Amino acid sequence: MADDSIAVVDLDRCSPDRCNYECANFCPPNRTGKDCIVERGDHYAEDEPYDGGPDQVWISEEICLGETCGICVEKCPFDAIEIINLPSELENAPVHRYGDNAFALYGLPVPEPGNVTGILGPNGIGKSTAVKMLSGELTPNLGAHADEANWDAVLERFKGTELQNYVERVIGGDVEVARKPQYVDQIPKQFDGNTRELLERTDERGVLDDLVERLSIGPVMDQDIDSISGGELQRVALAATLARDADFYFLDEITPYLDIGQRMTAARLIRDLADDGERSMMVVEHDLAILDLLADTLHVTYGEPGAYGVVTDPKSTRNGINEYLKGYLDNENMRIRPNAITFDEHAPREATRSQVLFEYPDLVKSYGDGEFSLRVEGGAVHESEVLGIVGPNGIGKSTMAKLFAGQLEPDEGELDVKLDIAYKPQYIEIDQPMRVDAFLSSITDDFGSSYWDTEVARPLQLNRIMEQNLTDLSGGERQRVAVAACLSKDADLYLLDEPSAHLDVEQRVQATTAIRRYAENHDATVMVIDHDIYMIDLLADRLMVFDGEPAVEGHATQPQAMRAGMNDFLGDLDITFRRDERTGRPRINKPGSQLDRQQKSDGEYYYTG
């Protein structure tokens with residue numbers, strides 16, 4: 001194989017007990033007597049450690065003909081093999097490779113004291129691997145996975161680069177690291193106690209009271225950590241991380257389950273800590289509006305998830321995001337996506353003129369003795385429309401969804417919605433010990449058809465996880481399966497509560513496209529609750545806006561046109577957006593800037609054309 005190609009075998013998928021070694025039997029070099037694809041037990045010596053089972057396959061990258069052949073990829077019944085031509089611009093060996101036919105990472109992001117470094121790219125592309133190396137937990141092997149890795153070689157590799165000083169500090173043990181995990185819903189499995197006990201353990205800087213106040217987590221301080229919501233867990237995890245006294249802070253996804261106001265607060269806290277000039281902040285984030293506002297510089301990551309990842313040199317945040325959306329990296333001369341992600345630059349799409357699907361009266365739902373009360377203005381939902389639902393957390397959006405789905409009864413107002421409703425809840429609890437394909441095939445008779453594959457499976461990137469167990473899926477994988485399960489049902493109304501959580505940028509766009517296309521092709525009505533302004537902008541025909549006092553009382557407006565809805569929503573939050581001149585993407589204005597003041601004066605908080 002050429003030097004710019006790699007072979008990757010997914011050992012979780014390679015199942016030789018369920019196949020006839022089609023990959024090896026049809027391999028052209030094997031058929032000429034060469035040992036290109038062999039059993040791993042035959043390749044490694046008895047005393048040589050190797051991953052996987054001895055009967056799983058190993059591929060010789062020296063003998064393999066490369067991606068131009070690809071016969072083994074096509075013949076493998078479990079989609080366990082990838083043969084990938086690497087970009088020719090990758091002149092150096094990988095920074096790290098996990099083993100033969102395993103994931104390889106090229107390049108590392110650069111932490112800079114006093115700066116917030118953003119990382120933008122797909123899930124599964126090596127961001128966690130990079131952080132393990134930057135924190136000193138993992139010594140980069142520079143691609144020589146068979147040899148013992150050592151930091152002297154790493155220092156020589158990065159001599160004269162921006163990483164040299166940082167690597168010297170890591171070698172000297174002078175870097176203290178604080179990390180916020182990606183999946184905050186795993187915290188209760190690792191900590192048993194209440195919120196106060198967790199946070200007091202981490203308050204190394206003596207700033208806990210200020211963090212608790214600014215993140216509005218005082219009401220949950222004495223609650224057990226396993227009893228609080230995902231949004232509350234996210235804010236607790238942020239407080240626990242930022243309270244540490246560290247040199248390098250790594251924050252993996254700060255926005256899932258947070259409303260836009262809470263996202264702005266989290267961004268300001270991170271910005272404030274970076275501005276003391278001594279600490280390096282690195283943030284992985286898929287909400288482009290928040291990343292744009294927060295980061296000083298940006299590394300774009302690209303590659304093939306689970307196979308290889310490339311970290312670019314630092315770019316300006318604006319250029320990095322624009323190049324990522326364009327799908328073409330200018331300095332690298334690299335196309336990373338065939339199509340650009342685009343946004344409507346001016347007015348939103350016209351509100352639907354279709355017939356009414358159902359009408360609903362004024363509704364009231366209260367909990368307990370004055371704990372929380374929701375008031376919903378009566379209105380109508382149209383056929384074949386996508387209705388976006390926006391508002392702060394704790395304001396009653398999920399309560400209204402459960403009212404429409406028939407899971408709750410209103411206290412006032414008679415809701416007689418005689419519709420088949422498919423509902424994806426905000427928090428996904430999957431504890432069924434079954435495979436993804438078995439789960440989805442139990443929902444729809446269309447499973448496996450070319451139509452279902454085109455409309456649901458491919459856009460939601462399900463094919464590579466079909467044989468995994470539901471309980472083994474990551475948060476993003478669970479989200480995509482849940483969206484697919486919802487869309488696969490035969491229903492009149494599809495209700496999706498925060499489908500963007502834990503999806504990367506491309507997955508969000510693909511999920512948005514799948515939802516939008518499904519609504520249009522099936523004349524289906526969809527209601528989507530989400531905090532990602534970009535997703536709502538791309539998806540919705542009309543908006544329902546919630547306001548009020550979180551956890552006390554909520555109020556839902558009638559569905560309204562996008563311009564009016566966005567102005568109501570963002571006006572209440574005192575946040576304005578402008579449009580990037582090159583791409584049309586929405587960007588948050590800095591509070592108090594000339595443009596922010598002008599748009600507020602004009603009453604235009606989002607659509608300015």
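Ranking Thr513, Pro314, Leu595 by how far each Cα lies toward the positive end of the dipole of the chain (charges on Cβ) leaves Leu595 at the top.
Which value does Rg/Rh take for region 200-258 over its C-alpha atoms, Rh per Kirkwood? A ratio of 0.94.
Using the rule -39500 (n - 2.57) for each DSSP H run of four or more residues, divided by the residues of the chain, the 222 nm mean residue ellipticity is -8000 deg cm²/dmol. Note on region 248-309 and region 566-584: Cα centroid distance 20 Å, given to the nearest whole angstrom. Rounded to the nearest 10 degrees, the angle from helix 505-521 to the longest Cα principal axis of the chain is 60 degrees.
In a DSSP loop and with at most 12 other Cβ atoms within 10 Å, the trypsin sites (Lys or Arg not before Pro) in region 64-167 are Lys159. Residue order by solvent-accessible surface for Phe577, Phe26, Phe439 is Phe26, Phe439, Phe577, largest first, with ligands and nucleic acids left out and a 1.4 Å probe. Length available on full extension from Ser316 to Glu39: 0.36 nm per residue minus the Cα-Cα distance, which gives 95.0 nm. Any chance you could give the angle, 0 to 90 degrees and rounded to 10, that helix 317-326 forms with the longest Cα principal axis of the chain? Its long axis makes an angle of about 80 degrees. What does the extension gain come out to for Ser474 and Glu168, with contour length at 0.36 nm per residue minus their alpha carbon separation? Between Ser474 and Glu168, full extension yields 106.7 nm more. Note on Lys424: lysines with a C-alpha under 30 Å away, same-chain residues under 8 apart excluded, are Lys127, Lys180, Lys189, Lys365, Lys397, Lys402, Lys489.
Here region 1-140 has 44 percent of its accessible surface on carbon and sulfur atoms, given a 1.4 Å probe and all protein chains in place.
Under a crude label model (7 Å from the Cα following the beta-carbon direction), how far is Glu359 from Ser128 in nanometres? Reported label-point gap for Glu359 and Ser128 is 5.2 nm.
Built from the Cα atoms of region 255-375, the convex hull projects on average onto 14.3 nm², one quarter of its surface area. One decimal place: the segment Asp147-Asn25 gains 40.8 nm when fully extended, by the rule 0.36 nm per residue minus the C-alpha distance. Using the Cα centre of region 9-144 as origin and beta-carbon charges of +1 (Lys, Arg) and -1 (Asp, Glu), tell me which of Leu90, Pro77, Phe26 is placed farthest towards the positive end of the dipole. In region 9-144, that residue is Leu90. Under 5 Å between amide hydrogens, built in the peptide plane, is the criterion, and for Ala295 it picks out nothing among residues at least 5 positions away or on other chains.
Computed over neighbours whose Cβ is under 13 Å from that of Glu359, the net charge equals -4, Lys and Arg +1, Asp and Glu -1. In order along region 176-185, the Karplus-derived 3J(HN,Hα) couplings, from 6.51 cos²θ - 1.76 cosθ + 1.60 at θ = phi - 60°, round to 8, 10, 10, 10, 9, x, 6, 9, 5, 5 Hz, and Gly and Pro are given as x.
Taking all protein chains together and rolling a 1.4 Å probe, Asp247 ends up with roughly 50 Å² accessible. Nearest 10 degrees is fine. How inclined is helix 230-242 to the longest principal axis of the chain, computing both from alpha carbons? It is inclined by approximately 60 degrees.
Taken as Cα centroids, region 361-383 and region 101-156 sit 50 Å apart, rounded to the nearest whole angstrom.
Ordered by 1.4 Å accessible area with all protein chains kept, Glu176, Glu62 run largest first as Glu62, Glu176.
Projecting the Cα atoms of Thr265, Gln432, Met544 onto the charge dipole of the chain (Cβ charges, centred on the Cα centre) puts Met544 farthest toward the positive pole. Dipole of the chain, Cα-centred, from +1 at each Lys and Arg C-beta and -1 at each Asp and Glu C-beta, to the nearest 20 debye? Result for the chain is approximately 1360 debye, rounded to the nearest 20.
With every protein chain in place and a 1.4 angstrom probe, the accessible-area ranking of Glu414, Glu162, largest first, reads Glu414, Glu162. With pairing defined as another cysteine C-beta under 4.7 Å, the cysteines of the chain that fail it are Cys14, Cys19, Cys27, Cys36, Cys64, Cys69, Cys76, Cys486.
Residues whose amide H falls under 5 Å from that of Glu498, counting only those 5 or more places apart or on a different chain, are Ile529, Asp530, with hydrogens built in the peptide plane.
Both radii are taken from the alpha-carbon atoms of the chain; with Rh as the Kirkwood radius, Rg/Rh is 0.97.
Once backbone amide H atoms are built at 1.01 Å from N, Met334 has Leu329 as its partners under 5 Å, excluding neighbours fewer than 5 places away on the same chain. Placing dummy labels 7 Å off each Cα toward the beta-carbon, the span from Asp17 to Gln190 is 3.2 nm. Note: relative contact order over the chain, using C-alpha pairs below 8 Å and six or more positions apart, is 13 percent. Using only side-chain charges placed at the Cβ, +1 for Lys and Arg and -1 for Asp and Glu, the dipole size of region 25-84 relative to its Cα centre rounds to 380 debye. Take the Cβ atoms of Ile63 and Asp453, set R0 to 25 Å, and the FRET efficiency comes out at 0.15. The distance between label points at Asp369 and Asn92 comes to 6.6 nm (points 7 Å beyond Cα on the Cα→Cβ vector). In region 538-609, Cα pairs under 8 Å separated by at least six residues give a relative contact order of 26 percent.
Overall, region 556-596 carries a charge dipole of about 280 debye about its Cα centre when +1 sits on the Cβ of Lys and Arg and -1 on the Cβ of Asp and Glu, all other atoms neutral. The separation of region 589-609 from region 170-234, counted between C-alpha centres, amounts to 35 Å. Kindly report the accessible area of region 170-314 per residue (heavy atoms of protein chains, probe 1.4 Å, no ligands, DNA or RNA), in Å². Counting only protein heavy atoms, the per-residue value for region 170-314 is 37 Å². Set the Förster distance to 30 Å, then compute FRET efficiency between Asp272 and Arg582 from the Cβ-Cβ distance, nearest 0.05. It comes to 0.50. First measure r as the distance between the Cβ atoms of Arg517 and Glu429, then evaluate 1/(1 + (r/R0)^6) with R0 = 41 Å and state the FRET efficiency to the nearest 0.05. Efficiency for this residue pair is about 0.90.
Relative contact order of region 99-201: 20 percent, from C-alpha pairs under 8 Å at least 6 residues apart in sequence.
The values are calculated or read from the model by the stated rules, or taken from the named source; none is laboratory data. Remember, it's a predicted structure, so these values are computed and weren't measured experimentally. In this analysis, Cβ positions are derived from the backbone assuming ideal geometry, glycine residues included, and neighbour counts consider all displayed protein chains. Accessible surface areas use protein heavy atoms only, side chains included; no ligands, DNA or RNA. Shrake-Rupley method; radii C 1.70, N 1.55, O 1.52, S 1.80 Å.
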